[in-house]
Structures are given as structure tokens and as C-alpha cells.
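Visitor: Below are the C-alpha cells for one structure; questions will follow.
The values are calculated or read from the model by the stated rules, or taken from the named source; none is laboratory data. All values derive from a computational prediction rather than experimental measurement. Cβ placement follows ideal geometry from the backbone for every residue including glycine, while neighbour counts extend to all protein chains displayed. What goes into the accessible areas is simple: the full protein's heavy atoms, side chains included, and nothing from ligands, DNA or RNA. Shrake-Rupley method; radii C 1.70, N 1.55, O 1.52, S 1.80 Å.
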Amino acid sequence: MAADVKPRIKAPATAKKGETFEIKTLVTHEMESGQRKDADGKTIPRKIINAFHCKLNGREVFSAKIEPAVAANPYLSFFVRAEESGTYEFTWVDDDGSLYKAEHKIAVS
Amino acid sequence: MSETRMPALSRRRVIVTAAQLGAASVASAFLARHAAATPESAKEWLGKLAKGEAKAGKVSIKAPEIAENGNNVPVTVAVESPMTAADYVKAVHVVADGNPNPGVASFFLTPACGKAEVQTRIRMATTQNIVAVAEMGDGSLWTATRQVKVTIGGCGG
């Protein structure tokens, strides 16, 4: 399934020091809840993204633990304060152990 | 093969029993599909995530009053906090008390967040309350509840 998982990040490329800005993230994923049944009445096994991490230059800034109640194509937005230039690293953790990654560079003046 | 003996049933008795059976099976089918989580189990779930008694206040939940499609309900949780190293929001836990499982998501913040506000999109099986609990850096807990009316549930079937 990893082929159709596509992370998307929306955040400014530059920011003033001390400014607070929003990072919007979305990843395409069906988030199979484990509640649904297929045509034969068999439960479709759960397969969701269960965790999300955001790091700036290797230090964790924000993370989340996600349950099946989060909608398909999980969208998350949060705020960060611009303190230093660098790279934000985003990681989504799938139930099957695969990791989906994305990066965003920011220049803080 | 032994003969099965049925107790004698009057016509009235049969109708009443059938009606009871029908009602019971409808109710159990409804319960099985929807209300697996209750306000109590949601509270229990929260108790496992954050120890202590949560006070009302500081937390605000933004969500539509009526969600037409329970598959995708935008929810924003904001917590009043300066987000400095001395006073910040450590975690925000969100539960919904009418879904098959009460848990929705937990967010872990740091002082580097600058503003304690998170938004996500959630699934809601039926009309129910969303409860958010914020855990501060000093260990105090704050909570807020908001009801969302759901027209079409979002748990598949």
C-alpha cells in the first residue's frame, strides 16, 4: 500500500524569528478502522496510521497518537514558533510498521 | 429422537413475544453498531491517559454543531497557554463518547509549538460529545466538552 501513500505539507518557507506559524499536514491513507465488514461478512482488518512525529533539526516538536476514529487521509495541523532555520522532518507510522516521511525546509530571519 | 414439546401458546402470547423479540433484536443490533463507547468508558479511557481530576476551562473545542457526514468532521482544540518552558501544554487528549471505541487522538506538544492549537478530522458514528483534556507542564488538567449532531454516521457497515 505504500505506493499510494503521499504525504503533503503546507507551511511557510520563511519566517521571522519568534513568529508563530501553522504547519498543515495530510497523508493519503485509507485508515481502515477494523470495524467494517466486507461483502462476505468478514471483518476487514485494521490498518491505520497510529502515530505522527514532527522534528526540527532532530528535536521532537510535536507528535500525536492516532486512533481509528481519525478520518481517512488523516489531516493534522498545529503551530510552531520560529526559533531557528532548519529542516522539519515529518514521520507517519503505519500499523504494519512502514514509515512515511516528508521534509520541509524553513529559513528563519 | 425425542419429541420436542412446545408449550401451548395463545394467539395474544405469540404476538407479544414476537414484538418483544423484535424490539430486543433491533435494540441489540443498534447497540452493536453504535454505542460501544459510553460516557463512562470515555472517562475511563481518559483516566488512563491523564491521571487526576480535570477542571473545566482553558480548553476550547471548535467543531460544527451539525455534521452532515460523520466520516469527516473537522475538530479544532485550542488551549489557553503562553507556551513557554515554564508554562506550556504537554498533551491534549481527545475522546468521543459514542464511537465504537472512545479514543480519537492524543497530541503531544512542546514549548516550541508557540501556540496550543491542533486541528484534525475525525469519524463520528452518531450524535455524541467530543471531550478534550489538556495536560499542562505542571500536571494540572483542564477539560471541555462539545456535542456534535451527526446526520449520517461514519463507521462503515
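Visitor: Per residue, how many Å² of accessible area does region B:39-152 show with a 1.4 Å probe?
Guide: That works out to 45 Å² per residue.
Visitor: How compact is region A:53-103 by the rule of thumb for globular proteins, expressed as Cα Rg over 2.2 N^0.38 Å?
Guide: Taking the Cα Rg and dividing by 2.2 N^0.38 Å, one obtains 1.24.
Visitor: Specify which residue in the list A:VAL5, A:THR20, A:MET31 is farthest towards the positive end of the charge dipole of region A:1-48, using unit charges on the beta carbon of Lys, Arg (+1) and Asp, Glu (-1), about the Cα centre.
Guide: Farthest towards the positive pole: A:THR20.
Visitor: If I compute solvent accessible area with a 1.4 Å probe over the protein chains, what percent of it on region B:39-152 is carbon and sulfur? Don't jump to the answer; show the numbers that get you there.
Guide: On the way: 2650 of 5090 Å².
Answer for region B:39-152 is 52 percent, counting heavy atoms of protein chains only.
Visitor: At the nearest 100 Å², what buried accessible area, both sides summed, do you get for A and B when the probe is 1.4 Å?
Guide: 2400 Å²
Visitor: Do any chymotrypsin sites (Phe, Trp or Tyr not before Pro) in region A:31-109 lie in a loop, going by DSSP, with at most 10 other beta-carbon atoms within 10 Å of their beta carbon, and if so which?
Guide: none
Visitor: Something else now. Between beta-carbons, use under 12 Å as the cut-off and find the net charge around A:LEU76, counting Lys and Arg +1, Asp and Glu -1.
Guide: Summing Lys and Arg as +1 and Asp and Glu as -1 gives +3.
Visitor: Additional query: Once region B:39-152 is represented by equal point scatterers at the alpha-carbon sites, with solvent omitted, what log10 I(q)/I(0) does the Debye formula produce at q = 0.15, 0.18, 0.20, 0.21 Å⁻¹?
Guide: Scattering profile of region B:39-152, log10 relative to I(0): -0.60, -0.84, -1.01, -1.09.
Visitor: What does region B:118-157 give for Rg and for Dmax, in Å, if only its C-alpha atoms count?
Guide: Using the Cα atoms of region B:118-157, the pair Rg, Dmax is 13.5, 43 Å.
Visitor: Using a simple charge model, +1 on the beta-carbon of Lys and Arg, -1 on the beta-carbon of Asp and Glu, nothing else, what dipole does region B:39-152 show about its Cα centre, in debye to the nearest 20?
Guide: Its charge dipole is roughly 140 debye.
Visitor: While we're looking at this one, here's another question. If you average 1/r over all unlike Cα pairs in region B:76-142 and invert the result, what Kirkwood radius do you get in angstrom?
Guide: Evaluated on region B:76-142, it is 12.5 Å.
Visitor: Once the convex hull of the C-alpha atoms of chain A is built, how many Å³ does it hold per residue, rounded to a whole number?
Guide: In chain A, the Cα convex hull volume per residue is 90 Å³.
Visitor: On average, how much accessible surface per residue is there in chain A, in Å², for a 1.4 Å probe, leaving out ligands, DNA and RNA?
Guide: I get 49 Å² per residue for this part.
Visitor: From the backbone phi of region B:143-148, what are the Karplus-calculated ³J(HN,Hα) couplings (6.51 cos²θ - 1.76 cosθ + 1.60, θ = phi - 60°) in whole Hz, Gly and Pro given as x?
Guide: 9, 8, 10, 9, 8, 10
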